[in-house]
Amino acid sequence: MEILQQLIANIGRCIVGKEREIRLTVAALLARGHLLIEDVPGVGKTMLARALARSIDARFHRVQFTPDLLPSDITGVSVFNQKEQSFVFRPGPVFTQILLADELNRATPRTQSALLECMGERQVSVDGTTYLMDPLFFVIATQNPIEQHGVYHLPEAQLDRFLMKIELGYPMLDEEITVVTAQEQTHPIEQIKPVVSVADILKAQEAIKKVYVDASIIEYIARLVAATRRHPSLLLGASPRASLAFFRVAQAWTAIEGRDFVDPDTVKLLAAPILRHRILLTPQARLAGATADQIVAQVVEQVPVPVKPYAR
């Protein structure tokens, strides 16, 4: 889709050298999921969210998560109106189109869980009343590595609500020089203009459902996910929600690539971002220095790849 290439290129004006991560972000948006970005401070996590919102002219809210943040600070609160003698709901920052939950793991578990209903059911329940979210509602959450001070573990139930987890990483030397040079006069984010509309994105979300996924590919996805539940180095394997995520993100990635059917290489490419946050390593595996990405790579290596034609 041409509009998707325009969107990716526009974000790339601000986020240098991270085209794959930008594509994964757009794929998460098209698949109507949510994205978790874990990395050290200062590598462009917040800027990626801002550039995406500007590129599609979407309503954008940013919430800085801190230990003293309350659930009502996110979802909203009912306030008594003395004039009308009734309670009036004041919506919180989640009532937007793109929400940046910055440093999500610096808030307490109670506050983190306030996002669960918003992300999973796309609604907020306050005082017995349910309020629906915007159709585009997309959460980009950032978190710092657990080794840093003042952070909390995200509960497995919340991690599973994120479609993908990605890392930006440090830029290459030439890319960092480009970043510094580009900000000599003004920040590139100030030059970002909308290139697609919210309506275009909503149409694209429906269009990707037409990307063909052969039965052999669906079985391949299910076998990959099921293999994580039997791996000896894992205490917790991926849930069926991972298979659903695989299916929809594979369609989105294929549409971004300009193809009309999903192949096994696409599934392999998406395995790490979809599975890495949904599995839990055993203490023995962690002590041995194993990582989630290494385990996912082992699973991909072990599961047979379908060989039949994948096109319709």
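Annotations for the structure displayed:
- Leading residue by the ranking (modelled with the highest pLDDT) among those in the range 1-37 that are buried (at least 18 other Cβ atoms within 10 Å of the Cβ), of a type in the set (A, V, I, L, M, F, W, C) and more than 26 Å from Leu244 (Cα to Cα): Ile11
- Residue in the range 220-242 that is closer than 30 Å to Ile3 by Cβ, touching a strand residue (DSSP E or B) at 6+ places or on another chain (Cβ under 8 Å) and not assigned by TED's automatic domain parsing to the domain that holds Ala28 present: no
- Matching option when the condition is on the phi > 0 side of the Ramachandran plot and either assigned by TED's automatic domain parsing to the domain that holds Ala242 or not hydroxyl-bearing (Ser, Thr, Tyr) (or both), among Gln97, Gln112, Gln85: Gln85
- Subset tally (residues that are modelled with pLDDT under 90 and β-branched (Val, Ile, Thr)) for the range 59-73: 1
- Residues being small (Gly, Ala, Ser), surrounded by 14 or more Cβ atoms within 10 Å (Cβ to Cβ) and in a strand (DSSP E or B) - total across the range 68-119: 3
- Scanning the range 228-251 for residues that are within 15 Å of the chain's Cα centre (by Cα), farther than 15 Å from Lys165 by Cβ and small (Gly, Ala, Ser) yields one hit, Ala250.
- Checked against (1) buried (at least 20 other Cβ atoms within 10 Å of the Cβ); (2) closer than 30 Å to Val300 by Cα, Lys209 passes all but a single condition, namely (1).
- Checklist (1) in contact (Cβ under 8 Å) with a residue 40 or more places away in the chain; (2) closer than 22 Å to Thr254 by Cα applied to Asp39, failing item: (2)
- Hits in the range 53-67 (condition: of a type in the set (Ser, Thr, Tyr) and in a loop (DSSP other than H, G, I, E, B)): Thr66
- Applying the criterion of being among the small types (Gly, Ala, Ser), outside any loop (DSSP other than H, G, I, E, B) and within 22 Å of Asn144 (Cα to Cα) to the residues of the range 1-52, the residue that is nearest to the chain's Cα centre (by Cα) is Ala28.
The values are calculated or read from the model by the stated rules, or taken from the named source; none is laboratory data. Given the structure is predicted, the values throughout are model-derived calculations rather than measurements. All Cβ positions, glycine included, derive from the backbone under ideal geometry; neighbour counts span all protein chains shown.
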